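Take a look at the structure below.
The values are calculated or read from the model by the stated rules, or taken from the named source; none is laboratory data. The model shown is predicted, which means the values in this text are computed figures rather than measured ones. Reconstructed Cβ throughout: ideal geometry from the backbone, glycine too, with neighbour counts over all protein chains shown. Accessible surface is based on the protein model in full, side chains and every heavy atom, while ligands, DNA and RNA are left aside. Shrake-Rupley method; radii C 1.70, N 1.55, O 1.52, S 1.80 Å.
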Amino acid sequence: MGVLTKNGGSRSEGWLLSTILIVAISLTLAPVLRLFVEGVTDQGAVGLSLAGEVLRQPSTLSALTHSLVTAGFGTLVSVVLGSAFAFLVALTDLRAKAALVFCLMIPMMIPPQITALSWTQIMGPSSVLLKTLGLAPPLGSPQPLYSAQGIILLLGIQHMSIIFLTLRAGLRAIPQEVVEAARISGARGLRTWWQVVMPLTLPSLAAGTAITFVTALGNFGIPAMLGIPAGYATLPTLVYQKLAGMGTSVLAEVSILAMLIGAVAVTGILTQRFFQSRQRVYLVGATSRPLAIPLGAARLPVEVLLWAVVCTILVLPMFGLLATSLVPAYGVPLRLDTVTLEAWTEVLLRQPVTTRAFANSFGLAIGAAVVLMLLCLPLAWLMERNPTRLSRLFDSLLDLPYALPGVVLSIAMILLLIKLPFTDATLYGTIWIIFLAYLARFFAVMFRPVQASLKQLDPAMGEAAQSVGASLFQRLRDVIVPLSAPAAAAGAILVFLTAFNELTVSALLWSSGTETLGVVIFNLDDSGETAMASALAMTIVLVVMALMVLVQLMSRRFPKGVVPWQT
Amino acid sequence: DTITLYTSQPNADAQQTVDAFKAANPDTDVEWVRDGTTKLMARLRAEIEAGNPQPDVLLIADTVTLEGMAQDGLLTAYQSPEAANYDSALYSADGFYHSTKLITTGIVYNTGVETAPTSWNDLSDAALKGQVAMPSPLYSGAALIHLATLTGDDSLGWGYYEQLAENDARAQGGNGGTFKAVASGEKPYGMVVDFLAIRNKAEGSPVEFVFPIEGVSYVTEPVAIMSTAKNVEGAQKFVDFLLSAEGQDVVLEMGYIPARDGMGVPAGFPAREDIKLMDFDPATALKDAEANKAKFTELFGAE
Amino acid sequence: MADISLSALGKSFAGAPALHDITTTFKDGEFVALLGPSGCGKTTLLRLLAGFEMPTTGQISIGPREVAHVAGNRMVPPEDRNIGFVFQSYALWPHMNVRRNVSYPLEIRRFSKAEITAQTDQALQATGLTDYADRMPSELSGGQRQRVALARCLVSHPDAVLLDEPLANLDVALRASMQTVFTDFHKRTGATMVYVTHDQSEAMAMADRIAVMDKGRIQQFDTPQTLYERPKNRFVAEFVGRGTVVPMRGVEKSDSALHGHVLGTRIAVQSGDDLPSHVCLRPENLTISETGDLRAKVARVTYLGGKYLLETVADCGTRLLAETRARFDVGMQLGLTITTPWAFSEE
Amino acid sequence: MADISLSALGKSFAGAPALHDITTTFKDGEFVALLGPSGCGKTTLLRLLAGFEMPTTGQISIGPREVAHVAGNRMVPPEDRNIGFVFQSYALWPHMNVRRNVSYPLEIRRFSKAEITAQTDQALQATGLTDYADRMPSELSGGQRQRVALARCLVSHPDAVLLDEPLANLDVALRASMQTVFTDFHKRTGATMVYVTHDQSEAMAMADRIAVMDKGRIQQFDTPQTLYERPKNRFVAEFVGRGTVVPMRGVEKSDSALHGHVLGTRIAVQSGDDLPSHVCLRPENLTISETGDLRAKVARVTYLGGKYLLETVADCGTRLLAETRARFDVGMQLGLTITTPWAFSEE
Ligand SMILES: Nc1ncnc2c1ncn2[C@@H]1O[C@H](COP(=O)(O)OP(=O)(O)OP(=O)(O)O)[C@@H](O)[C@H]1O
Ligand SMILES: Nc1ncnc2c1ncn2[C@@H]1O[C@H](COP(=O)(O)OP(=O)(O)OP(=O)(O)O)[C@@H](O)[C@H]1O
Ligand SMILES: [Fe+3]
Ligand SMILES: [Mg+2]
Ligand SMILES: [Mg+2]
């Protein structure tokens, strides 16, 4: 006899849920818990006095405000850009959609500090572009990007792919007939979109927005490059500033600030959930044909506009990056006689660390994407079907490792894993500590889109499989997973792209032989080798594009909707 | 026989140092980790907190940090026989740490400007309002020492910084950011560490480096042995090597001013006698660190 | 092997009861139809049987096994019940083609490759889908989708099959052939079949017994003939066979025959009760004759194919349905004779 | 205002033709039923009319307006056609409650608040959904969902209404009351109605004309009576009213009457042709009589409620359907008399 579950669940579901849940909790929440302990113990004694002190500092408050402002408005920019693209690509008869989608993935691929770097290069007084156009501001003029607005803009651009990918996966699930029903009722273009499509994609949009907000909140690269010169500190840069100090209680102070960031992130997630819990919509059946509402005369202007945006947010920074990689030293103007491939040959051919870093980062990114997919798909499904108190708690906390600044998470990983209990072995110094850190960090990136899509999956799909006797595993493998494949693929691609370039987590965890691409780029840049850093960043973009082409070639072997740039 | 080294030298420099040491001591292997000072210290703090610090030897930016560690009992004293060849200001009297090179902070400017500054005071001139950048002591250890040195100087003092603040000088980020601001012309004048400017200039960056007449502040990339070192003997060998003439030649080759007396300077630098070092005491600087930062924050409003 | 017994079974959704206190048994190998108005709880009952939903009260046993017991907090999950289910909304898997949709239950049961192909082919053949085997569900018409759902359910060998309006979207000819498929399947496997339908003629044609449901309760559970000819109460009388229920007075028993006053005329009735209070008038109880005692006026004429359904209003205002091969026009007066209708008592 | 004319209309899906060369006109205010076996193209035709799909060939005009013209590459989008549509799969908006689902078309047409409430209430009332107004679609039974789809379509005032099996999931009583709702709506608004159904009796009861479709073509488009009594070809004869088509020989015309040899007996037939080749035998053309010329054996008995449908096999092997009130057992021998069936010629 089975145990009772809420809806026709089964004993195996309960068992599997607890198992995966425990794995997931130890992966994601253990480091956070360790950090928390660090924050509330001061020299061995438990106490909140330090926490109170840190939280009362005016710098904390202002950094908190700055974080909220930049992450909030940055998310808004991402939502506007990302969703505009997603809706237009998914719902209308635009041409060359595949190319457009392809290009939209690129902002995600450039490490944030490189994005910031390339933008400052094209915007400032020494901008090669502006100089060529004769628009360069005089020496000594302020760099317009060194401001809250600059941070917001770049955060927005950097993270629009997240919105785009999650939303597009959601849009694929809308039954065509539901939209047709609105049109036949007389609803025209925008109205159909606003009153029918939009509410049905709200779960995906909300999930995407939540991840974007959390990502923006924890972003260090952009506020560091743009905010520090402007004296505009956000919580992650404040954390960095604390670390640069020399006091003995830095770790405790840093943990407290990290907890503050975590609290903001969790509040954000809970707000999103509050608004979403009020509506639950099942999409009965799945779409057959992609929607293609004709834009009519507006098509050409819209296409021109979209490509213009793509050019600005993509081609310009890429151009800046390329220009920097081709000059011998920083600040040298790019002219025919100054062009050199020295940086490229040095970084690609002579430095063995580059190859090693490529191998490490690739392995880590693929591994994290695969393991997280295997973990998140069943977990999200089971949590959706048999909510327990523990799973609900986990649901509200699982974004924490993603929200914390990467440096802080890696400190937590060191604290947690430097000495494994009961053995002499240590993971510290091996690639596994980075891998575990990645699993913890990108859990939310994988989990949220999958969760959003499963929430809308018609329960009859699983029930039909149950009724023919399919076990839990078979149901997941044959029905649930393929049906949520577009969302899972979106999540996996996001995990891969972010992990491939990741810097802040691996920064403290790497050691000789386990360097990641982010670390190599950072070290090059930090040692003044800006040209080489740019060359390597360009190489990453090219490699990822090559990978995408490869995926495109194999796309026929994947379930429908998995390759996001396919229509 | 292996020692573990944590260093904040740039990658190529660290490699060169280790290679030279291994050539001199073939039976000692060196495992080394290189990273920015801040990250390296964060990592070390976490390791210490978890009770399992990895390194035997530290070779990192500044004496103030190491003075702090020494006071916390994290370092082992070692009186290196080579210390005799060094100015006594360059190592801890108890032998907790020994300086290995001199990295000075002077003035850098973009060659696109009309007037070349010669003294620190030129930067506080009202004519340069809004055109000066410098690293923030909140982010950079070298900058904190620079601040401590200049404010400790009788002729400059806090009044100098007050003037800078009035002049809208920007004090943000580290040396790298400051240098980029100058090289890109965004802020044509700046205070920055010597080698960054001199090396980039050699490669064509439109900048010029000036040793101001009042003198320069300096950090010294000191070397120290952890109290938890597992291979103390090897660590001592490493310290001795760095301080030896042979080790200091490597420093020179890398383009820094060696700390050891009578070593000469790299290309592009004025003669060692012409470089005036300003007075500096790590212990005082450590004691005043928090107060200095607070006062600085008050002046420049940076947080 | 698969008697299904329900005892005190109830189900509420967020407090609103959809099923009340259902106690009954579907016998092993029986073909049961559930008939009832929209929203009366038919689908809910099937879902409870399949295990997709936990009952709010009561218990369910399939054969000797108790599969759901609210008080004991026990529940056997659907996949362990060996029950086939055809969903009202089909619930085809959109990512599998027709063949795979149908063969999937066999794959799960680990049949050999050859056997899977053979049985799938046969099921596709029986449902007339052979030509569509490689299509995706989204490329099928409504009726074709419904047939895929049928084929999927029938391809395996469940102990019991639950069908939720499985023929709703099929035309008469196809329904007939599908009904044959069902009865053949039923004969071959001996599975207990529970069949929800909105169509009485379908229920009567196929089922051994019919459970007429209303507002979450079973009103009468009997063979088609009994249900039609001897309804227990007003609801069943009116719902099955479109009867009109009218009160009867002055009931007298003489010999084995009952007589009473109905709509002002005295007629012979049949009944199971000694003192019935109402009679059920169906088209076949009414004969049109110029001399009929009951005068009525034609209110609406509906063509049924070869014959007409007349909706007539008697002088007292009661609506009565009669069938005729001849055409009448709306407004015409006619006489009706009532022949031995069924009578029952109702409080 | 809303004659719908189709000319040479065709539609293929990925090369496979679903509709061929349809040329016909649905007159303004007419109530047309589309009847045909599963997969014959009924839904496809409706979707073309609504504008969800671009035809592959031909053109469509609604009133004076050409709404789709393949050669001219013109296409009026659905939202500009003022057409109501009831989807076979309901297509309710899952995020709106029942009331909002129904009122939404009115909101779009910018009615006043008060009017929206009034009309919505009325539509909910007519479909018996008043109690469910605040539910979400996922909390409704199948039949209730279907009624929401109906209410949503009928609440506005379209020029034409396209209904795709709108009553498939409703019980007889509810169907009857919904049919009344349709006919009332039709009378009130005068909209052209195109009604897909798999149920002949529904089509005959409601439609002015019925288009019988098969394999993407219209086989016959006529009034219910004509269709039933004077089918044009074998398909229509067999599909409508379950006729059995048998060949006829030795046709002779005497006076105004035709006679011929059918199943070995000589009978009088009716026909539109001079030299018909086949006759259509329906239950009402067959009378059971001990003395019947045609000897047949009962093969299957189906209870229809009050009467039985007998599937009999004549000595020559032909299956014939007859109806009777008395019960016969399978295997019994009986005699059948054929009375004036319809005859037609087929090559
Ligand atoms: N998207 C599609 N792709 C390919 N074939 C299709 C598609 N839609 C419909 N068809 C095919 O076109 C034919 C006509 O389909 P349609 O849906 O019009 O049938 P129907 O008459 O409505 O049938 P039913 O009564 O079963 O709903 C069917 O054979 C169907 O399989
Ligand atoms: N998830 C739900 N939440 C709330 N009420 C529900 C839910 N599912 C069904 N109901 C209600 O329970 C009652 C019974 O529903 P059920 O689906 O069993 O009806 P049904 O007999 O199958 O009707 P139909 O013939 O229309 O499909 C209906 O009134 C329905 O509105
Ligand atoms: Fe440093
Ligand atoms: Mg139902
Ligand atoms: Mg259809």
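Conditions (1) under 27 Å from D:Pro224 (Cβ atoms); (2) of a type in the set (Lys, Arg), marked per residue:
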residue	(1), (2)
C:Val236	no, no
C:Val240	yes, no
C:Val245	no, no
C:Gly260	no, no
C:Cys280	no, no
C:Arg295	no, yes
C:Leu321	yes, no
Out of C:Ala33, C:Ala14, I need the residue that is more than 20 Å from C:Phe85 (Cβ to Cβ), touching a helix residue (DSSP H, G or I) at 6+ places or on another chain (Cβ under 9 Å) and either surrounded by 16 or more Cβ atoms within 10 Å (Cβ to Cβ) or hydrophobic (A, V, I, L, M, F, W, C) (or both). Which one? C:Ala14
Quick test of your reading of the structure: C:Lys27 fulfils all but one of (1) at positive phi; (2) surrounded by fewer than 19 Cβ atoms within 10 Å (Cβ to Cβ); (3) in contact (Cβ under 8 Å) with a residue 24 or more places away in the chain. Name the failing condition by number. (1)
Of all residues in the stretch C:98-141, how many are open to solvent by 10 Å² or more (accessible area, probe 1.4 Å), in contact (Cβ under 8 Å) with a residue 40 or more places away in the chain and away from every other protein chain (no Cβ under 11 Å)? 1
Identify the residue in the stretch B:76-91 that is assigned to a helix (DSSP H, G or I) and out of contact with any helix residue (DSSP H, G or I) (no Cβ under 8 Å at 6 or more places or on another chain) and, among all such residues, is farthest from the other protein chains (Cβ to nearest Cβ). B:Ala84
Would you check if C:Gln144 is in a helix (DSSP H, G or I), within 12 Å of chain D (Cβ to nearest Cβ) and on the phi < 0 side of the Ramachandran plot? yes
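So which helices (runs of 4 or more DSSP H) are wholly in the stretch C:190-289 and hold at least 1 residues that are without any contact (Cβ under 8 Å) to a residue 12 or more places away in the chain and either open to solvent by 50 Å² or more (accessible area, probe 1.4 Å) or touching a Cys at 6+ places or on another chain (Cβ under 9 Å) (or both)? Working first, answer last.
Working: elements: C:200-206, C:224-229, C:234-239.
Counting at least 1 such residues, we get C:200-206.
To keep it simple, each residue is scored yes or no on (1) among the charged types (D, E, K, R); (2) at pLDDT 85 or above; (3) away from ligand 1 (no atom under 16 Å from the Cβ).
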position: B:Val18; (1), (2), (3): no, yes, yes
position: B:Lys22; (1), (2), (3): yes, yes, yes
position: B:Thr28; (1), (2), (3): no, yes, yes
position: B:Arg43; (1), (2), (3): yes, no, yes
position: B:Ile48; (1), (2), (3): no, no, yes
position: B:Asp56; (1), (2), (3): yes, yes, yes
position: B:Asp62; (1), (2), (3): yes, no, yes
position: B:Ala70; (1), (2), (3): no, yes, yes
Restricting attention to the stretch A:354-370, and to residues there that are surrounded by fewer than 19 Cβ atoms within 10 Å (Cβ to Cβ) and not small (Gly, Ala, Ser), which single residue is farthest from A:Gly513 (Cα to Cα)? A:Val370
Within the stretch C:52-69, does at least one residue satisfy the condition of being touching a residue at least 60 places away in the same chain (Cβ under 8 Å), in contact with a helix residue (DSSP H, G or I) (Cβ under 9 Å, 6 or more places away or on another chain) and within 16 Å of ligand 1 (Cβ to nearest atom)? no
Lone unmet requirement of (1) away from chain D (no Cβ under 14 Å); (2) among the hydroxyl-bearing types (Ser, Thr, Tyr); (3) buried (at least 24 other Cβ atoms within 10 Å of the Cβ) for C:Tyr90: (1)
Out of curiosity, is B:Asp249 more than 14 Å from chain A (Cβ to nearest Cβ), part of a helix (DSSP H, G or I) and without any contact (Cβ under 8 Å) to a residue 40 or more places away in the chain? yes
Does any residue in the stretch B:61-75 that is free of Cβ contacts under 8 Å to residues at least 60 places away in the same chain and facing chain A (nearest Cβ under 10 Å) come within less than 8 Å, Cβ to Cβ, of a residue that is among the polar types (S, T, N, Q) and assigned to a loop (DSSP other than H, G, I, E, B) six or more places away or on a different chain, and which pairs are these? B:Asp72/A:Thr248
Scope the stretch D:309-334; condition within 14 Å of another protein chain (Cβ to nearest Cβ), open to solvent by less than 90 Å² (accessible area, probe 1.4 Å) and touching a Gly at 6+ places or on another chain (Cβ under 8 Å); matching residues: none
Kindly check whether there is at least one residue in the stretch B:253-272 that is within 21 Å of B:Thr4 (Cα to Cα) and not aliphatic (A, V, I, L, M). no
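Considering only residues that are of a type in the set (Gly, Ala, Ser) and part of a loop (DSSP other than H, G, I, E, B), look in the stretch D:147-188 and name the one that is nearest to the other protein chains (Cβ to nearest Cβ).
Out of the qualifying residues, it is D:Ala168.
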Qualifying positions in the stretch D:42-69 - open to solvent by 10 Å² or more (accessible area, probe 1.4 Å) and within 16 Å of ligand 5 (Cβ to nearest atom): D:Lys42, D:Thr43, D:Thr44, D:Arg47, D:Phe52, D:Glu53
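If we scan the stretch A:243-254, do we find a residue that is among the β-branched types (Val, Ile, Thr) and open to solvent by 20 Å² or more (accessible area, probe 1.4 Å)? Even if it seems obvious, please write down each step before you answer.
Just the residues of the stretch A:243-254 that are among the β-branched types (Val, Ile, Thr), to begin with: A:248, A:250, A:254.
Of the ones still in play, those that are also open to solvent by 20 Å² or more (accessible area, probe 1.4 Å) are A:248.
Among the residues of the stretch A:243-254, at least one is among the β-branched types (Val, Ile, Thr) and open to solvent by 20 Å² or more (accessible area, probe 1.4 Å), which makes the answer yes.
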Among the residues of the stretch D:17-67, what is the count of those that are under 27 Å from C:Leu167 (Cβ atoms), touching a Leu at 6+ places or on another chain (Cβ under 7 Å) and either away from every other protein chain (no Cβ under 14 Å) or part of a strand (DSSP E or B) (or both)? 2
Which one is nearest to the other protein chains (Cβ to nearest Cβ), of the residues in the stretch B:118-137 that are in contact with a helix residue (DSSP H, G or I) (Cβ under 6 Å, 6 or more places away or on another chain) and open to solvent by 10 Å² or more (accessible area, probe 1.4 Å)? B:Pro135
